[in-house]
Amino acid sequence: MRKKVAFYTLGCKLNFSETSTIARSFEGEGFDRVDFSQEADIYVINTCSVTENADKRFKTIVKQAQKSNPGAFIAAVGCYAQLKPEELAAVDGVDLVLGATEKFKIIDYLNDLTKNDRGEVHSCEIEDADFYVGSYAIGDRTRAFLKVQDGCDYKCTYCTIPLARGISRSDSLENVLKNAAEIATKGIKEIVLTGVNIGDYGKGEFGNKKHEHTFFELVQALDEVEGIHRLRISSIEPNLLKNETIDFVANSKSFVPHFHVPLQSGSDKILKQMRRRYLTNLYVDRVARIKKTMPHACIGVDVIVGFPGETDEDFLETYHFLNALDISYLHVFTYSERDNTLAATMENPVPKNVRNKRSKMLRGLSVKKRRAFYESQLGSIRTVLFEGENKEGYIHGFTENYVKIKAPWNPELVNTLHQVELTEIDGDGLVRFGFVPEKILA
Ligand code: SF4
């Protein structure tokens, strides 16, 4: 009897790309993949260490699997599994916990699916996770997530990712181009480049600490790959977003004018305590360069509120800094202590209620910024990639510069690219449009 396997992914695009690669290895071994809500013989949960309440979320998902099939074998992989293997192994129902070096070899641990009283742990020292495994995710969505880099050598004081994913290392340029070409043959129109610190691409490409290629060279090479309509850079550190990359994207064939650039704080004092590798003046310069070469570009910003020692003045400095910047939206993270990070031992922790108040204020600012950005795009001609889901009778999609649009559901539009004129912003903040006659691009 072919065994059934189901997957649940928490966290970032990188995790989704890795789940997809692990799932393909199961299908290659004759397993049938089913939805997580269905009955399966094996449930694999790809965990995240950044998600707020990661532990509670994990337990809820395990319970969901147990409800679907009390006798099923439950395995945990991913960042949380690497950081807290024993904690996950102790969760009722968990049978297997695999660390960073073992997650892609999960099938080797499934010869005996007998349930264990306590999860069997096969973890590692993170230093051992110094090799690279390529992955990409397609099929779950209209666009593909292509992993090009893993791990991080930075030491931001609040972050556990280097502890969960190891040193910075990259896929070979040749392999990235091969994966991209493979994805293009599957009719996927957009590829999102993903990793942990993708601006550091090229480091450890051949298992050493050297940079064989740069991120700029990766971008140039990918722009030549046939059959890819759109390439989107998921997120890139401001100090690694070079002028040459910005200028190239402005005139490139496939790269879209959308940059997601983590800022984390608008206070230089706090940036220093976070051990970020830039100050606010560099960030201002990056935004200015993008807007000078691509005035219609979309700029998304990650920001953390409530970092230890952040006074009301520091927070207001961040608020006014962001308010003055020509950016398009914010991803707001409320600081929460993480074990084994420097920030968790820092003095002057900000009370939770103050953190939440500040978070609320920045989320309000993000709504204002997104609205202003969308309004600035009304009347312009853009290209929309329509997605595959019927959302309450509507089809959604994104323009190249990340404006979210909606239209009455029409299955013929799924996964097609059309030129449109953006006309108005609907009550739910999404943008309506008119088709530019007969301008079907693909
Ligand atoms: S750059 Fe900093 S925040 Fe980002 S993954 Fe590396 S250590 Fe974490």
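In region 386-417, which residue that is aliphatic (A, V, I, L, M) and outside any loop (DSSP other than H, G, I, E, B) is nearest to GLU190 (Cα to Cα)?
Start the filter on region 386-417 by keeping residues that are aliphatic (A, V, I, L, M), which leaves 395, 403, 405, 407, 413-414, 417.
Right, trim to outside any loop (DSSP other than H, G, I, E, B) and you get 395, 405, 407, 413, 417.
On the way: ILE395: 17, ILE405: 16, ALA407: 20, LEU413: 15, LEU417: 10 Å.
Only one residue tops the list, namely LEU417.
Of everything in region 368-392 that is acidic (Asp, Glu) and under 23 Å from the mean Cα position of the chain (by Cα), the residue that is surrounded by the most Cβ atoms within 10 Å (Cβ to Cβ) is GLU387.
Would you confirm whether any residue within region 370-385 is out of contact with any strand residue (DSSP E or B) (no Cβ under 8 Å at 6 or more places or on another chain), closer than 23 Å to SER234 by Cβ and outside any strand (DSSP E or B)? Checked against the condition, which is being out of contact with any strand residue (DSSP E or B) (no Cβ under 8 Å at 6 or more places or on another chain), closer than 23 Å to SER234 by Cβ and outside any strand (DSSP E or B), region 370-385 yields no hits at all.
Starting from residues that are under 24 Å from HIS331 (Cβ atoms) and open to solvent by 40 Å² or more (accessible area, probe 1.4 Å), keep the ones in region 395-412 and report whichever is nearest to the chain's Cα centre (by Cα). So, considering only residues that are under 24 Å from HIS331 (Cβ atoms) and open to solvent by 40 Å² or more (accessible area, probe 1.4 Å), the one nearest to the chain's Cα centre (by Cα) is TYR402.
Table: residues versus (1) touching a Lys or Arg at 6+ places or on another chain (Cβ under 7 Å); (2) within 28 Å of LYS209 (Cα to Cα); (3) outside any strand (DSSP E or B).
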{"position": "GLN64", "(1), (2), (3)": "no, no, yes"}
{"position": "LYS67", "(1), (2), (3)": "no, no, yes"}
{"position": "GLU87", "(1), (2), (3)": "no, no, yes"}
{"position": "ASP92", "(1), (2), (3)": "no, no, yes"}
{"position": "LEU113", "(1), (2), (3)": "no, no, yes"}
{"position": "ARG118", "(1), (2), (3)": "no, no, yes"}
{"position": "VAL121", "(1), (2), (3)": "no, no, no"}
{"position": "CYS124", "(1), (2), (3)": "no, yes, yes"}
{"position": "GLU127", "(1), (2), (3)": "no, yes, yes"}
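Look at region 238-262: where a residue is without any contact (Cβ under 8 Å) to a residue 24 or more places away in the chain, no partner that is open to solvent by 10 Å² or more (accessible area, probe 1.4 Å) and assigned to a helix (DSSP H, G or I) sits 6+ places away or on another chain with Cβ atoms under 6 Å.
Within region 238-276, the set of residues being more than 27 Å from VAL384 (Cα to Cα) and of a type in the set (Asp, Glu) comprises just one member, ASP268. Name the single residue that is farthest from the ligand (Cβ to nearest atom) among those in region 157-178 being touching a residue at least 40 places away in the same chain (Cβ under 8 Å), open to solvent by less than 20 Å² (accessible area, probe 1.4 Å) and assigned to a loop (DSSP other than H, G, I, E, B). Restricting to residues being touching a residue at least 40 places away in the same chain (Cβ under 8 Å), open to solvent by less than 20 Å² (accessible area, probe 1.4 Å) and assigned to a loop (DSSP other than H, G, I, E, B), the top hit is GLY166.
Of all helices (runs of 4 or more DSSP H) completely enclosed by region 220-331, which ones contain at least 1 residues that are surrounded by 16 or more Cβ atoms within 10 Å (Cβ to Cβ), of a type in the set (A, V, I, L, M, F, W, C) and more than 15 Å from the ligand (Cβ to nearest atom)? Because the criterion is at least 1 residues that are surrounded by 16 or more Cβ atoms within 10 Å (Cβ to Cβ), of a type in the set (A, V, I, L, M, F, W, C) and more than 15 Å from the ligand (Cβ to nearest atom), the helices (runs of 4 or more DSSP H) in region 220-331 that meet it are 243-250, 280-293, 312-324.
The values are calculated or read from the model by the stated rules, or taken from the named source; none is laboratory data. Please read all numbers here as calculations on a predicted model, not as lab measurements. A quick note on method: Cβ atoms are made from the backbone with ideal geometry, for glycine too, and the neighbour counts reach across all protein chains shown. With ligands, DNA and RNA removed, areas are computed over all heavy atoms of the protein, side chains included. Shrake-Rupley method; radii C 1.70, N 1.55, O 1.52, S 1.80 Å.
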